[in-house]
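See structure below.
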Amino acid sequence: MLSSSNVSPSNYTFTSVIKSSADLCELKIGKGVHCHAVVSGFGLDSYVQASFVALYAKCGDVGGARKVFDEMPVKSVVAWNSLVSGLEQNGLGGEAIRVFYQMRESGLEPDSATFVSVLSACAQTGGIGLGSWVHRYIVDNGLELNVKLGTALVNLYSRCGDVGKARGVFDEMKETNVAAWTAMISAYGSHGCGKKAVEFFNKMEDDDGPIPNDVTFVAVLSACAHAGLVEEGRSVYKRMSKRYGLVPRVEHHVCMVDMLGRAGFLDEAYSFIHELDAAGKATSPALWTAMLGACKMHRNYDLGVEIAKRLIALEPENPGHHVMLSNIYALSGKTDEVSHVRDGMIKNNLRKQVGYSVIEVEKKTYMFSMGDESHPETGEIYKYLETLMSRCKEIGYAPVSEEVMHQVEEEEKEYALRYHSEKLAVAFGLLKTVDEAITVVKNLRICEDCHAAFKYISIVSNRQIIVRDKLRFHHFQNGSCSCLDYW
DNA sequence: GTAGGGTTAG
């Protein structure tokens, strides 16, 4: 158009080209188009500007998106929505929620696209307070519960710990599609209800529901993996290509390795990887990461060390692999090797992620980190936690020994401070509420010791404790956990 | 005939 025609691009042209760049994640091309649009005099067009906010956000350049947005003289609802969804999709749920409040202060009326992004942000951060407010707002203002909004609500309730409510919303939806069904299957799976996930998938196949896609299969296989449903998983995996003509991708392979490995079929998991390798299908580090998890779980230290070393050679910058190697050495009692790995990490400036836990009490959010003393009621929380722990010990709780704890530690550790963030959050929650179940959201995986402790705490406090960790949910009640210790 | 929204492993 530019080189061989006499027509000049209009604002319509630019928005379309910018959207294409965004869909292709072509930030460089997009930036070129941005310059071109400004030079051509469309820099202040509301449509063009909004599309640039989305472009930068979709390409992961949150700063760039913000800059364009801040410089807009008049900010449209779509521009606000682009920023909110951009932040949420880049993992900045808290930031997205702050921007949503600013949008309200500016006096603009949010629409259903705003709410979809805000609900996703709430799901991400565990913000059920705002999330259920949005749900009420939708109902009170008679907003139509379309598929995307409904699915966002299903996801919200699932990721905030209430599968029942998630299902309630699903049943209320007038129209459903494959994403809605997949969200529901994933809800059952992440709460350890593998059987229900498979039943729901079968229902989808039988009751002329939507045709499952590759994402659906990831959700079903993952549900099988976490519930020990090996036979069901194998059958689903076969059906995927036979009945639906879908070609399994790395994600599906990882689920299979994870499923076989968790169930203790280490040999089979291992040969599954080798068969893929022999078939020339690119073997991704993720497959070995899943295999490594199985080795640790089933205490196969020799194979674990071998795989961890292989992974470190493949991805030397990934701190997770070093932590795994160190943990396996610690569990097998090789203290010297542990220090060796740790020293190497420090030398190469590889830091573990810092863990934190969040709990909402009466619509206010409280964040705890390990050994945290920033909370005004710290003294009281620690004292209550001590009481809880000693009552747990009376009925059989044995803490994982200090020695192993320090070595297997997955969070930043301070010797003088003994409690993980999730223990502090749980103690705080029990202290501040009566009778109801408490829900804690953690950014990393829950540790073995806290997992054991919460089972006992659920008995001595006679409460249900729900913990969402990086991957899934744990419902502690009457001394046992919904994951059946099958992480 | 232009811009924004939901589901996925480790």
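One table, with the values for the structure above:
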quantity: Residues within the stretch A:81-103 that are within 14 Å of DNA strand B (Cβ to nearest atom) and open to solvent by 20 Å² or more (accessible area, probe 1.4 Å), tallied; calculated: 6
quantity: Which listed residue, of A:Gly43, A:Gly30, is more than 25 Å from A:Ala123 (Cα to Cα) and part of a loop (DSSP other than H, G, I, E, B); calculated: A:Gly43
quantity: Any hit, the stretch A:154-164, residues being more than 9 Å from DNA strand B (Cβ to nearest atom) and under 26 Å from A:Glu231 (Cα atoms); calculated: yes
quantity: So A:Leu471, is it assigned to a loop (DSSP other than H, G, I, E, B) and closer than 23 Å to A:Gly320 by Cα; calculated: yes
quantity: Number of the exception - A:Ala113 against (1) closer than 23 Å to A:Ala180 by Cα; (2) more than 10 Å from DNA strand B (Cβ to nearest atom); calculated: (2)
quantity: Helices (runs of 4 or more DSSP H) within the stretch A:142-197 that include 1 or more residues under 24 Å from A:Ser357 (Cβ atoms) and among the β-branched types (Val, Ile, Thr); calculated: A:163-172
quantity: Those residues of the stretch A:383-419 which are assigned to a helix (DSSP H, G or I) and modelled with pLDDT of 90 or more, in sequence order; calculated: A:Lys383, A:Tyr384, A:Leu385, A:Glu386, A:Thr387, A:Leu388, A:Met389, A:Ser390, A:Arg391, A:Cys392, A:Lys393, A:Glu394
quantity: Complete set of residues in the stretch A:127-141 that are assigned to a helix (DSSP H, G or I), of a type outside the set (A, V, I, L, M, F, W, C) and within 14 Å of DNA strand B (Cβ to nearest atom); calculated: A:Gly131, A:His135, A:Tyr137
quantity: Neighbours by Cβ (under 9 Å, 6+ apart or cross-chain): first from the stretch A:447-470, at positive phi; second surrounded by fewer than 22 Cβ atoms within 10 Å (Cβ to Cβ); calculated: A:Asn462/A:Asp435; A:Asn462/A:Asn478
quantity: Tally of residues being open to solvent by 30 Å² or more (accessible area, probe 1.4 Å) and near DNA strand B (Cβ under 9 Å from one of its atoms) across the stretch A:284-299; calculated: 3
quantity: Residues (open to solvent by less than 30 Å² (accessible area, probe 1.4 Å), assigned to a helix (DSSP H, G or I) and among the charged types (D, E, K, R)) located in the stretch A:449-464; calculated: A:Asp449
quantity: The stretch A:349-369 residues that are surrounded by 15 or more Cβ atoms within 10 Å (Cβ to Cβ), paired with ones that are part of a loop (DSSP other than H, G, I, E, B) and of a type in the set (S, T, N, Q) (beta carbon under 6 Å, 6 or more apart); calculated: A:Tyr356/A:Asn443
quantity: Residue that is part of a helix (DSSP H, G or I) and near DNA strand B (Cβ under 9 Å from one of its atoms), where the choices are A:Asp302, A:Asp258; calculated: A:Asp258
quantity: Residues of the stretch A:461-476 satisfying the condition of being aliphatic (A, V, I, L, M), within 20 Å of A:Val361 (Cβ to Cβ) and out of contact with any Gly (no Cβ under 6 Å at 6 or more places or on another chain); calculated: A:Ile465, A:Val467
quantity: Only listed residue being small (Gly, Ala, Ser), within 12 Å of DNA strand B (Cβ to nearest atom) and exposed (fewer than 13 other Cβ atoms within 10 Å of the Cβ), chosen from A:Ser8, A:Ser3; calculated: A:Ser8
quantity: Contacts under 7 angstrom Cβ, first residue in the stretch A:281-295 being modelled with pLDDT under 90, partner near DNA strand B (Cβ under 6 Å from one of its atoms) and open to solvent by 10 Å² or more (accessible area, probe 1.4 Å), 6 or more apart; calculated: A:Ser284/A:Val250
quantity: The lone exception for A:Ser21 - which of (1) within 8 Å of DNA strand B (Cβ to nearest atom); (2) assigned to a helix (DSSP H, G or I) it fails; calculated: (1)
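Okay, residues lined up against (1) closer than 24 Å to A:His298 by Cβ; (2) more than 14 Å from DNA strand B (Cβ to nearest atom):
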position: A:Lys196; (1), (2): no, yes
position: A:Asp206; (1), (2): no, yes
position: A:Ala219; (1), (2): no, no
position: A:Leu229; (1), (2): yes, no
position: A:Val247; (1), (2): no, no
position: A:His252; (1), (2): yes, no
position: A:Gly264; (1), (2): yes, yes
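The values are calculated or read from the model by the stated rules, or taken from the named source; none is laboratory data. Only a predicted model underlies this, so the values are computations on that prediction, with no experimental measurement involved. For neighbour counting, all protein chains shown are included, and Cβ atoms are generated from backbone atoms with ideal geometry for every residue, glycine included. We work out accessible area using only protein heavy atoms, side chains counted, and drop any ligands, DNA or RNA first. Shrake-Rupley method; radii C 1.70, N 1.55, O 1.52, S 1.80 Å.
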